[in-house]
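Undergrad: Okay, here's the structure, questions in a sec.
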Amino acid sequence: MVWTRHADRHPARGPHPAAARRPRRGKPPRHFADLTPAERAQAVVDLGEKPFRAKQLATHYFTHLTSDPQAMTDLPAATRDVLAETLFPPLLEKARVLEADGGTTVKTLWHLFDGAKVESVLMRYPHRSTLCVSSQAGCGMACPFCATGQLGLTRNLSTAEIVEQVRSAARSLADGEIPGGPARLNNLVFMGMGEPLANYKAVMGTVRTLVAKEPEGLGMSARNVTVSTVGLVPAMRKLADEGIPVTLALSLHAPDDELRSELVPINTRWSVDEALDAARHYFEVTGRRVSIEYALIRDMNDHAWRADLLGDKLNARGRGWVHVNPIPLNPTPGSIWTASDPAVEAEFVARLREHGIPTTIRDTRGSDIDGACGQLAAEEE
Ligand code: SAH
């Protein structure tokens with residue numbers, strides 16, 4: 001497959017409009033999508049407007065997916081400009097767009113107000129669409145097989161910086177920009193750059209906005225939102241208590257502490273057993289079946305005995321609470337590691353299934369535009 005740069009959607013380069021006006025440090029400007037519905041009403045009142053204007057703005061933003069004041073024709077012109085300028089500061093600048101799979105996989109590189117860079121990947125399938133968003137610029141978790149892990153952490157994203165990734169993708173689907181006709185965004189996965197549970201507050205703010213009914217939010221189903229984590233145990237337990245049954249994915253990659261501590265360094269803080277106990281707890285509280293992510297790395301973690309050990313550890317915590325998603329490793333630049341041999345992968349899957357564990361190989365869509373899991377590095381040409 002060949003990727004193409006989407007020249008006609010590539011905006012003119014230049015300083016980010018927000019960067020020109022603001023110091024390039026500190027927090028991103030406050031945006032409508034950072035606020036709760038009550039805070040939105042207050043913000044509108046603070047600008048001298050009637051509270052009902054907040055609902056009009058929400059309808060434009062979450063239902064019509066626009067923050068362009070020109071489109072808000074039900075607002076008086078003067079009001080429009082004041083509200084839009086104050087509440088919809090530009091947060092993301094589309095710096096580069098790469099496509100694969102005939103335009104149905106789209107990776108976007110975003111420049112943030114302070115020059116930080118993140119990426120998101122939209123994948124359209126025949127009957128659904130999934131957006132993979134970033135929750136941090138870079139990542140502090142340092143997993144050696146992951147491209148983002150090599151960057152270190154630049155900073156947390158704000159809620160609105162994450163929501164804007166979603167709005168932009170939902171808008172391009174709604175506008176019919178992705179081959180296959182106009183469509184809705186069905187699934188959202190926090191599997192882009194960053195460790196979502198290390199940016200807990202902004203990620204939860206995003207989740208609340210995603211699942212809030214229109215026009216207060218995007219009206220998505222919680223089960224169609226997946227939060228993926230290296231296994232930050234206290235945050236996993238906190239997430240269970242939120243009363244929003246999102247799907248939880250645990251990036252395990254090894255069933256034994258010795259190897260896992262090498263592949264997922266935070267394992268030295270919370271062990272395999274502690275992470276699995278927290279995952280099981282999540283299932284007990286929410287009733288949502290947990291996903292175990294397992295990148296299959298040749299001769300590293302793909303041994304049949306490790307499949308057996310994983311099956312035993314999962315079954316020791318009950319039945320029907322978990323499924324496993326092996327992912328063939330997406331090789332990252334400079335890494336000596338590569339994906340498992342297909343026969344070895346098949347044996348690994350067979351062993352898990354023999355243990356009665358539902359197991360589905362995850363596709364590696366977008367790998368040719370470095371848009372697959374673990375490849376996001378937000379590099380510039
Ligand atoms: N920090 C979160 C989410 C980011 S990545 C987490 O670790 O879960 C989403 C998934 O991609 C994780 O399961 C991650 O381990 C996996 N991944 C990272 N690098 C990869 C690579 N090179 N090949 C395949 N999967 C990878």
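Undergrad: Do we find a residue being in contact with an Asp or Glu (Cβ under 7 Å, 6 or more places away or on another chain) and closer than 18 Å to Val230 by Cα anywhere in the range 201-216?
TA: There is at least one residue in the range 201-216 that is in contact with an Asp or Glu (Cβ under 7 Å, 6 or more places away or on another chain) and closer than 18 Å to Val230 by Cα.
Undergrad: Restricting to the range 24-36, give me the number of residues that are modelled with pLDDT of 95 or more and of a type outside the set (Asp, Glu).
TA: 8
Undergrad: Related question: Out of everything in the range 234-282 that is hydroxyl-bearing (Ser, Thr, Tyr) and open to solvent by less than 50 Å² (accessible area, probe 1.4 Å), what residue ends up being nearest to Leu188 (Cα to Cα)?
TA: The selected residue is Thr247.
Undergrad: Kindly list the number of the only condition in (1) open to solvent by less than 20 Å² (accessible area, probe 1.4 Å); (2) touching a Lys or Arg at 6+ places or on another chain (Cβ under 9 Å); (3) more than 24 Å from Ala372 (Cα to Cα) that fails for Leu197.
TA: Among (1) open to solvent by less than 20 Å² (accessible area, probe 1.4 Å); (2) touching a Lys or Arg at 6+ places or on another chain (Cβ under 9 Å); (3) more than 24 Å from Ala372 (Cα to Cα), Leu197 violates only (3).
Undergrad: While we're on this one: Is there a residue in the range 108-117 that is open to solvent by less than 10 Å² (accessible area, probe 1.4 Å), out of contact with any strand residue (DSSP E or B) (no Cβ under 8 Å at 6 or more places or on another chain) and away from the ligand (no atom under 14 Å from the Cβ)?
TA: Within the range 108-117, one or more residues are open to solvent by less than 10 Å² (accessible area, probe 1.4 Å), out of contact with any strand residue (DSSP E or B) (no Cβ under 8 Å at 6 or more places or on another chain) and away from the ligand (no atom under 14 Å from the Cβ).
Undergrad: Can you tell which of Asn187, Asn199, Asn156 is without any contact (Cβ under 8 Å) to a residue 60 or more places away in the chain and either within 13 Å of the ligand (Cβ to nearest atom) or over 12 Å from the mean Cα position of the chain (by Cα) (or both)?
TA: Asn156
The values are calculated or read from the model by the stated rules, or taken from the named source; none is laboratory data. This is a predicted model, so every value here is computed, not measured. Using ideal geometry, Cβ is built from the backbone for each residue, glycine included, and neighbour counts are taken over all protein chains shown. In case anyone asks, the SASA skips ligands and DNA or RNA and just uses the protein heavy atoms, side chains included. Shrake-Rupley method; radii C 1.70, N 1.55, O 1.52, S 1.80 Å.
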